1. B:GLN100 - would you say it is over 19 Å from the mean Cα position of the chain (by Cα) and either within 12 Å of chain A (Cβ to nearest Cβ) or among the acidic types (Asp, Glu) (or both)?
2. One residue is enough: does segment B:274-291 have a residue meeting the conditions among the acidic types (Asp, Glu), assigned to a helix (DSSP H, G or I), in contact with a helix residue (DSSP H, G or I) (Cβ under 8 Å, 6 or more places away or on another chain) and surrounded by fewer than 21 Cβ atoms within 10 Å (Cβ to Cβ)?
3. State whether one or more residues within segment A:344-360 are away from chain B (no Cβ under 14 Å) and crowded, with 22+ Cβ neighbours inside 10 Å.
4. Just a yes or no: is a residue in segment B:63-77 in a helix (DSSP H, G or I) and within 14 Å of another protein chain (Cβ to nearest Cβ)?
5. Does segment B:208-215 contain any residue that is modelled with pLDDT under 95 and of a type outside the set (Lys, Arg)?
6. Name the residue that is nearest to the other protein chains (Cβ to nearest Cβ), counting only residues in segment A:280-319 that are polar (S, T, N, Q) and surrounded by 21 or more Cβ atoms within 10 Å (Cβ to Cβ).
7. When you check B:LEU131 against the structure, is it assigned to a loop (DSSP other than H, G, I, E, B) and either modelled with pLDDT of 95 or more or over 17 Å from A:LEU318 (Cα atoms) (or both), yes or no?
8. Looking at (1) in contact with a Pro (Cβ under 7 Å, 6 or more places away or on another chain); (2) not aromatic (Phe, Trp, Tyr); (3) not in a loop (DSSP other than H, G, I, E, B), find the lone condition where A:ILE155 falls short.
Amino acid sequence: MPDLLIELFSEEIPARMQARARADLQKLITDGVVEAGLTYAHAGTFSTPRRLVLAIEGLTANSPTLREERKGPRVDAPEKALDGFLRSTGLSKDQLEIRDDKKGQVYFATIERPGRPATEIVAEVLEHTIRTFPWPKSMRWGAGSLRWVRPLHSILAILSDEAGPTIVPLDIDGIKAGDTTRGHRFMAPDSFTVGGFESYAKQLKAAKVMLDPAERADTIWHDAQQMAFAKGWEVVEDKGLLAEVAGLVEWPVTLMGQIDDEFLDLPPEVLQTSMKEHQKFFSVKNPKTGRIEGFVTVANRETADHGATILAGNQKVLSARLSDAKFFWENDQRMIKTHGLEGMAEGLDAVTFHNKLGSVGDQVRRIEALAREIAPLVGAAPDLAAEAARVAKADLRSEMVYEFPELQGVMGRYYAKSASLDDRVADAVRDHYAPLGPSDAVPSEPVSVAVALAEKIDKLTGFWAIDEKPTGSKDPFALRRAALGVIRLVLENGLRIQLEDVFKKWLPISALGFQKAGYHIVFPVTDEAGVAFGPEADVDDEFDFEKMGAEVGFLKARRLDEVAFNFATVRLRVTSKWATDLLSFFHDRLKVFLKDQGIRHDVIDAVLVMSGSDDLTLVVKRAQALSETLKTEDGANLLQGFKRANNILTQAEDKDGVEYSFGADVKFAETEQEKALFTALDTAEAQITPAMEAEDFAAAMAAMASLRGPIDAFFEAVQINTDSEVIRRNRLNLLSRIRQICLSVADLTKIEG
Amino acid sequence: MANPDAPKTAPKSFQEIILRLMSYWASKGCAVLQPYDMEVGAGTFHPATTLRALGDKPWAAAYVQPSRRPTDGRYGENPNRLQHYYQYQVLIKPSPPDLQELYLGSLAAIGIDLDLHDIRFVEDDWESPTLGAWGLGWEVWCDGMEVSQFTYFQQVGGHDCKPVAGELTYGLERLAMYVLGIDHVMEMPYNDPSAPIALSYADVFRQTEQEYSRWNFDVADTDTLLRHFEDAEAECGRILASDDTDDAGRRIIMAHPAYDQCIKASHLFNLLDARGVISVTERQAYIGRVRTLAKACADAFVRTEAGGAQPDEAVA
């Protein structure tokens, strides 16, 4: 069976797109040929900056001949019906067969679709693949209309078997498929003919092209480590960078250099970021000093001077970059020395956070006030949390972060230390953005936790207040990530916070920031009067600043005298519905988060209807206990028992138009099983109530699950509907106790199955 | 790789590098143009690029363009940053299939030995919010240093580029410093160092860097600049609102005069920015206003003959 080799040779493909392109190429081609009736044994893809390659082994040479039988009209049917049948089958009348059918004689057609050669199929599938390839961004070039990631120069497409290679007959907008390719752009630019995959890979290697990206990455990593090892150094691992660099070269040549002494005092993050972002260098650490002292760069070629010129050039560029970084670092230090970190933060009033939510300065003042509120809930000193919040974003005004935005927070911590602030404050400055992603670490130091929570909650209430919520795939302000951050901060630190109360209190403040964005209204809320926005003040009511005018005084605006604070013009309608809506957004995120941890969404639904659903730690504790219980045999059977009880009860209630909720009496119990159920319910209830109060959900659920036996036995022995109305009612009231006791633990009606 | 184009000697001065690029691209068939006589932020603003990238008429031009970036002024003290510098710009439409090879030939022509250096094409997509333009391409690295931008224009002024123009932009000072082995731009020989009157970059430009840095940052009158911005904006609109035919019945669409006003507005915006009077929110609005002008100019240009309109369309 033949092997297929396809190489799409183009100008340089962005490194970040290569992995995805390999997968897409393999899927599109293999799906296409399989759909056309071919089969294959194995497929593999490769890429370099200039080529995207697919090799398929053991492709069938032809698609099979397909036979299809179709029933036509009766022999005595009108001529028109027969004509239609002949047209649709493409046969002539004498090719039809007449068979006896129940209804008489009927025409039958046997249509044969002959198999097609693989070359023809591959040509079609390849053309379609090229024309519809899902590049993240594609372009046109020259005078043509074909789109590819960068100009496509040539296509190598051959099917080879024992007899030798056959070129796939394909011509796309003047690019004709052939059996030739080229080697390395500089070291072996000449064209050569290829016979099959094995010779292709060998020929490429001889032409200074290492085809397999994994091999290039291994080579780079191996060589880098060897070089570092020889000097007693260690390369700092960076898999993302390794993959990127491997995608930038066809023939990796690893070179190591030393960073000039004058830059070694820069923070390691600065050295690493500058080298990685600008130069795509690996950092090399000297384990004796613990500092980053060297770098590894990867060239795309060998040279007569063994890379000396290339290394010298790279070294020079690095020195220029690091001179800039050093200049920024020193300027920033000078700024802090003269004005402190709060001085640096002053400029934030001029930076827009969002045009409806004021400046970053406004944002910082809100976070400061909120961090002060949250601090006692997480065990942090309010003053420290407020101080950390006040300077948390100061580094956005530093020259270093202006140049390297990804160092925000990291630089803030260095500058907080330079300003001799408390270590907890410095760490909180660095960590208040955390966690940034699902795998990012969650801070645990209370001051960091307070500021990290405040930053995210303020962001969420702010965007909720201006009605900029995420929709579908659109989440430009990363609010889902912020909510997940809050969830992880709460859960991983075991925090007990009534989030809905916090939202209710904070939404009007964010909304005020929105209304008065142009006026630079500033906070914080003072301790004495902060209660004004408590949940009692605005439950389900519209919040009207006009009426609240006097009380708004607690918004001790620092620059109140500078603003025309005319409440007659500020009409805000904030309702507690906003807080409920935000909480349900949190619940959705929580479901996604817990699903990844193996807890089903219906289990979460069953506990979310219980009180305290804004206390996420409590919700998860409940959900985990319920999830575990349902996995036990007793739990699973109890669920069935509960559902049966609930169904019978609900039907009876619907029919009778009453609610059976009280008055089951053991004296009307007729059977042992019925009496036993009374006893079991009493026992369970006596265990469940205190266990729920103690939040010992495992115990509560175990007690609930223990009802399984008595409930099953009861249903086994007893008919609910009897002639005696008294006994029937008593039994329905007994079922109601089952429902009531189970629902006090979790809403089992939500559980599926 | 053998480079038949490569001269045997290394260039000695900034101007020699410019002259070699000129003669190289002239030898490859480009019309060697002169700088546009207005203040612009980059060579792309020259109508020979912005406007000529539109329409289907073939085009090949190369030129030096003095470029001004007021916010980059450092009083001539920073080794790499200048408020006035030179870009070398090449625009060929349709982009020839061997544009990368042509480009590499130009590096060889200015004395970069392609056998010793590591030249790389690293993804860098280009977008100009002020021109409503974008393209895909690379920044070209020589031993880790960015020496050029290489872009296939896809859209300019909101119009698809059909055919596609290939654009090359060389930052001349940076490239020359690299080729000549100079660490501080002011120390670079401007003409031949053995000339009777040898001039360094500092001799030519240090004083102007100081003068313009002061004016850009401290002295430029922002009210005047703002008024001029609004005047240019208004004039651009007025020009484009004129009838296609003049009083004598000639059909003359004034795309270029209108585009001059767009260039002016763009530069005035840069000056206002350097004076620090544009807030973050206003910034976007100003950029949007310039883009509106650029798009209107592009709309006008594609209705002209140079913009590819057919003569019969022109009559109609």
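1. Yes: the conditions hold for B:GLN100.
2. no
3. yes
4. Within segment B:63-77 (the criterion being in a helix (DSSP H, G or I) and within 14 Å of another protein chain (Cβ to nearest Cβ)), the answer is yes, since at least one residue qualifies.
5. So far as segment B:208-215 goes, yes, one or more of its residues are modelled with pLDDT under 95 and of a type outside the set (Lys, Arg).
6. A:ASN314
7. Considered against the rule, which asks whether it is assigned to a loop (DSSP other than H, G, I, E, B) and either modelled with pLDDT of 95 or more or over 17 Å from A:LEU318 (Cα atoms) (or both), B:LEU131 comes out as yes.
8. Every condition holds for A:ILE155 apart from (1).
The values are calculated or read from the model by the stated rules, or taken from the named source; none is laboratory data. Just so it is clear, the model here is predicted, and its values are computed rather than measured. Positions of Cβ are backbone-derived with ideal geometry, glycine not excepted, and every protein chain shown enters the neighbour counts.
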